[in-house]
Amino acid sequence: MSDGSGLKDRIAASVEARREEIIQVGETIMRNPELGFKEFETSALVQQTFDELELDYRAGLARTGVKARLDTGRPGPTLALIGELDALTVVGHPHENPDTHAAHACGHNAQIAGLMGAAAALSDPAVLRDLCGAIVLFAVPAEEYVEVEYRHGLVQAGELEFLGGKPELIARGEFDDVDLAMMIHTHSQPDENGMAAVTASNNGCVVKQIRYLGRAAHAGGAPHRGINALYAAHLGLAAINALRETFRDEDAIRVHPIVTHGGDLVNVIPAEVRLETYVRGAATEAIDAAAATVDRALKAGALALGAEVEIVTLPGYLPLRNDPNMAELFMANQRTVHGGAQVRRLGHRTGSTDMGDVSHVMPALHPSMAGASGNGHAVDWAIADPQMAYLEPAKALAWMAADLLSGGASAARRVLDDFEPRMSKDDYLAYQRGLFRTERWNGAAA
């Protein structure tokens, strides 16, 4: 891929020269999945790679994050290239950890492999000499918002402030030295999304922990003396389902509760039942409004049975807004490699990512590239094409650094000049901190 100066050709050659090492990183992480804020082995592998590249780095950021910095010695903006360390829980996945049930069924192993490949290419003096500013190579923890009870415990213990990796890193000041940021996600739908795709936006979310509290009694001999917390929860879930037709299509609301504890013994009226749910939406205002109606529905279940309900609201992720100027640079590179028909602009998508939080305070890009097969977050997810999943993202990340930071970093400066932050860092933290709340409501007293 020639760009006149040959810079992108040198990057591609550097990545291909390390083909086996990059693939090995991705496959090693696939076979050793770890859940968020517990990615110690994966973090160690990143550190080992940075050591081999003789890069200075800091580790243990938000428990497991690793951050290296390449400074060109010439003035200019700082671009962060990001990869996510964590897996999620997928029971039955061929590569699941048998103890934790963690599995890389979303492609974060490919993100880290691509980031390590980009790190190798960009640390080459023959590449770095043509750039200005600096590059942060950032392996970050805990994008998958799972194990909510465990993470909330870390917050309550004072080890974390937020339950997601990038919000925690923003709060700790680890993005203060970054001007713009990007990462690449792996997808498994080349027919639908082409070989590379950029969405316009993605949903954000808030997260809720719910406890219904009733009264235990003998389920066969004296059920009338109990207050069935499971039935209260059932009615609360039914009330949420009755709300769905009231959500506007343009708000893209998604509510998907699970029961994490449904009772203790089959012959005892359940006295405590626990649920978790996300409330997702396309804008913070829509999320806040939907969350209020969900709370009302949950209270309805408590009211009907005379139970109590405790609703803990936790900050989730803000909606993602991909920067259009960065998106066009990425797509131009991918059109050259794959052809225009294989590079797609997509509309709004209803999944959530904490890259949305980053996109509110600085220009950010979160595109996707093919290379996997199966369904995301499911047992059939697999890396089907190592070249596309591991090596092409490495090139794409490094090419974006070349586009943004070459020529006096003029492209990066244009991106920054055109960007209007949706929130300052202070406003962002105030908003997220303001979401923490606990409400306990007694249906018997209403």
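Using a simple spin-label model with pseudo-atoms 7 Å out from Cα toward Cβ, S5 and D418 lie 2.0 nm apart. Express in whole angstrom the spacing between the alpha-carbon centres of the range 95-173 and the range 283-326. Going from one Cα centre to the other spans 26 Å. By DSSP, the beta bridges lying fully in the chain are antiparallel in about 70 percent of cases.
Spacing of the modelled spin labels on E192 and T246, each 7 Å from Cα toward Cβ, amounts to 3.0 nm. What FRET efficiency comes out for the pair T350/D71, r = Cβ-Cβ distance, R0 = 35 Å, nearest 0.05? The value I calculate is 0.35. The phi torsions of the range 78-87, fed into the Karplus equation with coefficients 6.51, -1.76 and 1.60 and a -60° offset, translate into couplings of 10, 9, 9, 9, 10, x, 9, 8, 8, 9 Hz, rounded to whole numbers, with Gly and Pro shown as x. For G83, the amide hydrogen comes within under 5 Å of the amide hydrogens of F138, A139, V140, counting only partners 5 or more places away or on other chains and with H modelled in the peptide plane.
Which angle from 0 to 90°, rounded to the nearest 10, does the C-alpha axis of helix 19-31 make with the longest principal axis of the chain? Rounded to the nearest ten degrees, it is 10. For the Cα atoms of the chain, what angle does the longest principal axis make with the long axis of helix 284-305, in degrees from 0 to 90, nearest 10? Helix 284-305 sits roughly 20 degrees off the main axis of the chain. For the chain, lysine pairs with C-alpha atoms less than 29 angstrom apart, excluding pairs fewer than eight positions apart on the same chain, total 15. Along the range 255-268 the Karplus relation, 6.51 cos²θ - 1.76 cosθ + 1.60 evaluated at θ = phi - 60°, assigns HN-Hα couplings of 10, 9, x, 10, 9, 9, 8, x, x, 10, 9, 5, 9, 10 Hz to successive residues, with x for each Gly and Pro.
With the highest mean first, a sort of the peptides 91-99, 264-272, 307-315 on other beta-carbon atoms found within 10 angstrom per residue produces 307-315, 264-272, 91-99.
Listed values for the range 153-158 are Karplus-derived 3J(HN,Hα) couplings in whole Hz (6.51 cos²θ - 1.76 cosθ + 1.60, θ = phi - 60°), namely x, 5, 5, 5, 7, x, and x replaces Gly and Pro.
Taking Cα atoms only, the orientation of helix 108-122 departs from the longest principal axis of the chain by about 20 degrees.
Readers should treat all values here as calculations from the given coordinates under stated rules, not as data from a laboratory. Keep in mind it's a predicted model, so treat the numbers as computed, not measured. FYI the Cβ positions are ideal-geometry reconstructions off the backbone, even for glycines, and counts take in every protein chain you see.
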